[in-house]
Amino acid sequence: MSVSELAGAIVESPTLRLNEEARLLRERGEPVIHLGIGEPKNKTPITAILSSASKLSQGDVKYCPSDGLPSLKKAIIRYTEEAYDKVVAPENVIVSSGAKQAIFNILYTILNPQDEVVILAPYWVSYPEMVKMVYGVPVIVTPEDGRFHPRMADIERAVSSSTKAIIVNSPNNPSGVVYREEFIAQIVEFCERRKIYLIMDDIYHKLVFDGRIAPPCYRFTTKDIEDSRLIVINGIAKLYGMTGFRIGWCVAPRKIITVMNNVQAQTTSCASPVMQAGAEGALLGLQSFVEALRLTIQNNRDVAMRELSSFNGVTTCKPEGTFYCLPDFRAYSSNSVELSSFLLKKALVVTVPGREFGMEGHLRLSFAGTVKDVTEGIARIKWALDPTSPNDIYIGDKRLIRDWL
Ligand code: PMP
């Protein structure tokens with residue numbers, strides 16, 4: 001069976017594949033701990049449920065404007081004003097089926113074949129694949145060893161006359177690093193001056209710890225939104241734990257939004273209005289929900305750091321946001337794919353290989369689950385890797401037998 005060269009070259013989403021592997025193991029009754037997954041355990045906010053349910057119970061679920069329900073766009077405009085101190089018009093906003101689709105649409109909208117997009121390692125797995133899917137060329141910029149914060153000088157060196165965009169994701173998946181204010185100021189100034197689109201993937205921007213804030217990009221431009229190169233991506237998946245609703249959005253100059261809207265109208269028509277109503281319910285409901293989630297996750301981060309600190313040879317940058325950390329396991333293996341599959345087989349713990357994020361030798365661990373999952377998951381990893389640990393352990397009546405990596 002033949003498929004296109006381009007589609008055939010797109011790699012499988014490793015996180016979705018691991019979710020599936022974990023699900024199958026669980027179905028077989030295996031006591032798997034999932035430290036791979038990027039979604040909080042909370043229940044959907046009640047205001048989102050009621051709003052979705054009310055839309056559904058009207059029995060009138062039809063196509064809606066492809067750039068989004070006007071009432072949701074209004075809520076997004078209010079959110080943008082509160083979170084970014086930026087007033088935007090409805091024509092600057094488009095709602096998509098998840099932030100993922102918003103990012104794909106924006107890349108499809110701005111790139112010509114062979115245009116380059118600078119991506120900062122460690123990066124979210126989907127960026128390079130999406131750039132390739134629209135015939136662009138991903139250019140990866142890697143920070144100095146042992147750090148996860150990009151340096152402006154490295155980015156400037158990577159930029160060429162073919163660079164169309166730079167993607168910045170802070171707080172960062174997978175490292176948990178929040179990029180410094182000075183860096184955001186510099187990259188905004190650089191992109192505006194060089195007329196390069198700056199795509200800010202802000203999907204985790206309120207999940208920050210220890211009193212930090214993720215510096216909002218609009219603070220560093222004096223340009224009107226219509227003349228600016230800033231494109232901001234956001235969504236409800238992470239902040240409200242509403243991953244299954246599949247609603248995200250993009251704020252950008254109206255010329256960009258108009259073309260994105262045509263792209264969306266010709267592909268998905270619109271995001272489901274039932275789910276859009278849910279997103280509106282979340283945005284207009286009590287925001288203490290986000291704060292409660294943030295505090296739970298900050299506590300989980302502290303638990304993960306405590307457990308990891310007793311791990312000989314493993315170094316971890318303390319996450320400042322998100323629900324991920326990216327410990328360096330090179331003392332045990334420089335092949336993160338092998339290491340991750342060893343841990344799944346021997347310790348029944350799901351991790352994501354750092355190679356997928358452009359950081360070989362590391363594993364991404366999610367602390368979005370319960371404290372028990374985080375504690376036990378890391379303890380099992382330690383057991384499987386530490387040569388001084390006992391030869392077997394029992395998880396209930398299941399015996400895990402120690403083996404060598
Ligand atoms: N950007 C980043 C950095 C992410 O981690 C994710 C989800 N894992 C997304 C975008 C996609 O979000 P959504 O579920 O809204 O499509």
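The values are calculated or read from the model by the stated rules, or taken from the named source; none is laboratory data. Please read these numbers as outputs of a predicted model, since none were measured by experiment. Counting neighbours? That spans all protein chains shown, and the Cβs are built from the backbone with ideal geometry, glycine included.
Name the residue that is modelled with the highest pLDDT, counting only residues in region 333-353 that are of a type outside the set (A, V, I, L, M), in contact with a helix residue (DSSP H, G or I) (Cβ under 6 Å, 6 or more places away or on another chain) and surrounded by fewer than 20 Cβ atoms within 10 Å (Cβ to Cβ).
Top of the filtered list is Ser333.
Which of the residues that make up region 215-251 are away from the ligand (no atom under 16 Å from the Cβ) and either crowded, with 21+ Cβ neighbours inside 10 Å or under 21 Å from Asn169 (Cα atoms) (or both)?
Of everything in region 215-251, those that are away from the ligand (no atom under 16 Å from the Cβ) and either crowded, with 21+ Cβ neighbours inside 10 Å or under 21 Å from Asn169 (Cα atoms) (or both) turn out to be Pro215, Pro216, Tyr218, Arg219, Phe220, Thr221, Ile225, Ser228, Arg229, Leu230.
Does Val32 count as touching a helix residue (DSSP H, G or I) at 6+ places or on another chain (Cβ under 8 Å) and either more than 16 Å from Val232 (Cα to Cα) or among the aromatic types (Phe, Trp, Tyr) (or both)?
Criteria met by Val32.
Please pick out the residue among Lys55, Lys73, Lys62 that is surrounded by fewer than 20 Cβ atoms within 10 Å (Cβ to Cβ), among the basic types (Lys, Arg) and over 28 Å from Lys132 (Cβ atoms).
From the options Lys55, Lys73, Lys62, the qualifying one is Lys62.
Looking at region 9-21, can you tell me whether even one residue there is modelled with pLDDT of 90 or more and either out of contact with any Pro (no Cβ under 6 Å at 6 or more places or on another chain) or in a loop (DSSP other than H, G, I, E, B) (or both)?
Scanning region 9-21 turns up no residue that is modelled with pLDDT of 90 or more and either out of contact with any Pro (no Cβ under 6 Å at 6 or more places or on another chain) or in a loop (DSSP other than H, G, I, E, B) (or both).
Residue check: is Glu356 of a type in the set (Asp, Glu), crowded, with 16+ Cβ neighbours inside 10 Å and at pLDDT 95 or above?
no
Pull out all pairs, ordered by first then second residue, where Cβ-Cβ is under 6 Å, the residues are six or more apart or on different chains, the first lies in region 219-239 and is small (Gly, Ala, Ser), and the second is within 16 Å of the ligand (Cβ to nearest atom) and in a helix (DSSP H, G or I).
From region 219-239, the pairs are Gly235/Ala99; Ala237/Thr243.
Report the residue count in region 162-214 for those that are within 16 Å of the ligand (Cβ to nearest atom) and among the basic types (Lys, Arg).
Within region 162-214, residues that are within 16 Å of the ligand (Cβ to nearest atom) and among the basic types (Lys, Arg) number 1.
Collect the residues in region 24-44 that are within 16 Å of the ligand (Cβ to nearest atom) and either assigned to a loop (DSSP other than H, G, I, E, B) or within 25 Å of Ala75 (Cα to Cα) (or both), keeping them in residue-number order.
Leu35, Gly36, Ile37, Gly38, Glu39, Pro40, Lys41, Asn42, Thr44 - these are the residues of region 24-44 that are within 16 Å of the ligand (Cβ to nearest atom) and either assigned to a loop (DSSP other than H, G, I, E, B) or within 25 Å of Ala75 (Cα to Cα) (or both).
Quick one: is Ile103 crowded, with 21+ Cβ neighbours inside 10 Å and either more than 18 Å from the chain's Cα centre (by Cα) or part of a helix (DSSP H, G or I) (or both)?
Spelling it out, Ile103 is indeed crowded, with 21+ Cβ neighbours inside 10 Å and either more than 18 Å from the chain's Cα centre (by Cα) or part of a helix (DSSP H, G or I) (or both).
Scan (1) within 16 Å of the chain's Cα centre (by Cα); (2) outside any helix (DSSP H, G or I) for the single condition Glu356 breaks and write down its number.
Every condition holds for Glu356 apart from (2).
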